[in-house]
Amino acid sequence: MNTFTYDALPGRVVFGPGVARGGLLDEIDTFGATRILLIAADSELDLARELCAPFAGRIAATFSGVRPHVPLEVAERARVAAAEADLVLCVGGGSTTGTAKAVALTTGLPIVAVPTTYAGSEVTPVWGLTEGSRKSTGTDPRVLPRTVVYDPELTLTLPADLSVASGLNAMAHCVEAFWAPRRNPVSNAVAEDGIRHLAAGLPAVAANAGDLDARTELLLGAYLAGSAFAVAGSGLHHKICHVLGGAFDLPHARTHAIVLPYVLAFNAPRAPDAAFRIASALGFADPVQGLRRLGEKLGVPPGLRELGLREDYADVVLEDILALAPADNPRPVTADSLRWLLSAAWAGTDPAKEIS
C-alpha cells in the first residue's frame, strides 16, 4: 500500500434534509436542460413529479417501466423514450439509477440522480444489464451521474425492512472495498468510515423508521459506501450476488445482506488488516460475528433458502461464478471452496463455524 493509484471520480454531491425540494431546480439549471427524460418506478412517480413541479414544462418524456436487474428489453424501451432528451433525471432506488445508466451508456446523456434508497449506484460508473438469465456488468465513465442530490427526507417513506436490506447492501460495498482489485488507502479509509455510519444508522432506523437523524446517518454511510466501491471495484461478493440475481431474479439488497457474512468469513483469515478495520468499525472483536449479530438484530433472513432457492442452486451458478472470481481475492477461489461457501449461505448456518 506504499504505492498506489487513486482515481478520484468526477461528480457533484448535494447532501442534506430538504435539498431535493429546495435545490433540484438549481441543479437542473446548471446543465441548461430543456428536454428532460424523467425515470422513476411507478411506486415513486408521484414523488418524482412533485420534485419536478418547478420545471415540469421541461419534462419531455417519463419512463416508469423500471425492473430489477435492468432487463435488456427495459433498457431498450428507456433508450427509445430518451430520443429527444438532453438530460436524464432519475428519482428512486438502484434499479431506477441502473435504468438511467443504461440510457447514458448508449446515448452519453448526463444524469442527475436523486436516490431514495441506500443503493450507492448513483456514485459509481458501474452499469448492469440482464439478458435472459445472465447479468452482465461493466464500467464506463458515461454512466456516472454528473450530480447526485442526497435528501434524507426522501428515504422516510422507505419501509424499515427495505431500509435495512438496502443499508446492508451498502455495508457490502464497504466490506468488499477492502479487498477489491483497485483497493488503496483512500478507499479503505472511506469504506471504514462508511461502516461506522451504517452500523450506527441501521439499528436506529429499524427501531424508528421516522428518525430523520438516523436516516441522515444511514444515507451518509451509503454515499461513502458507494464512493469506496466505485474506486476499489467489484470483488468476489458482488460477483456471487450478481450471478445469483441474474440466474434466479432474487431481491438484490436482501441477497447481498445474506451472502456478505459468508464471504467475509471466507476472506477474513487471509486479510487480517481488513478484518481488524471492519471489526473496529462495527464495534466487535470479530468482524464476522459482528456482521452476523447486526443482521440478526435487523431481521435479515439467515440463509438464501429463505428467498425460495432450492438446495441444488449451486449446480446452476458454480461455473459462472468461478469464471468471474477475481484472481487476487485474498483466498483462492476453487470449485470445492466456492461450493462450500454457497452451501453454507443457502442453509444459513454460522459462517464463522462453517467457513474457516
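Derivation of every value follows stated rules applied to the coordinates shown; laboratory data play no part. A quick note: this is a predicted structure, and the numbers were derived from the prediction, not measured. Cβ: placed from backbone, ideal geometry, glycine included. Neighbour counts: every protein chain shown.
What's the center-to-center distance, using Cα atoms, between segment 90-106 and segment 322-356 in Å? Between the Cα centre of segment 90-106 and that of segment 322-356, the gap is 31 Å. Separation of segment 215-264 and segment 1-74, taken as the distance between their Cα centroids, equals 21 angstrom. Helix-only estimate, please: 222 nm mean residue ellipticity of the chain, summing -39500 (n - 2.57) across DSSP H runs of length 4 or more and dividing by its residues, to the nearest 500. Value at 222 nm, helices only, nearest 500: -16500 deg cm²/dmol. When each of the peptides 86-96, 342-352, 113-123 is scored by how many other beta carbons lie within 10 Å of its residues on average, the order from highest to lowest is 113-123, 86-96, 342-352.
A cut-off under 11 angstrom between Cβ atoms defines the neighbours of residue 182, and their net charge, with Lys, Arg +1 and Asp, Glu -1, is -1. Compared with the direct C-alpha span, the chain from residue 30 to residue 77 gains 14.2 nm at full extension, assuming 0.36 nm per residue. Stretching the chain fully between residue 9 and residue 280 yields a gain of 94.8 nm (0.36 nm per residue, less the alpha carbon separation). In the chain, the longest principal axis of the Cα atoms and the axis of helix 314-324 are about 70 degrees apart. Here the label points at residue 353 and residue 318, each 7 Å from Cα along the C-beta direction, are separated by 2.5 nm in the simple model. Our Cα-only numbers for the chain put the radius of gyration and Dmax at 19.4, 59 Å.
D for segment 160-354, whole µm²/s, Stokes-Einstein with Kirkwood Rh over alpha-carbon pairs at 10 °C and 1.306 mPa s: what number?
97 µm²/s
Sparse packing (at most 11 other Cβ atoms within 10 Å of the Cβ) combined with a DSSP loop state is found for none of the trypsin sites (Lys or Arg not before Pro) in segment 52-152.
Relative contact order for segment 86-188 using alpha-carbon pairs under 8 Å, separation at least 6, rounded to a whole percent?
25 percent
For the Cα atoms of the chain, what angle does the longest principal axis make with the long axis of helix 272-282, in degrees from 0 to 90, nearest 10? So the inclination is approximately 60 degrees.
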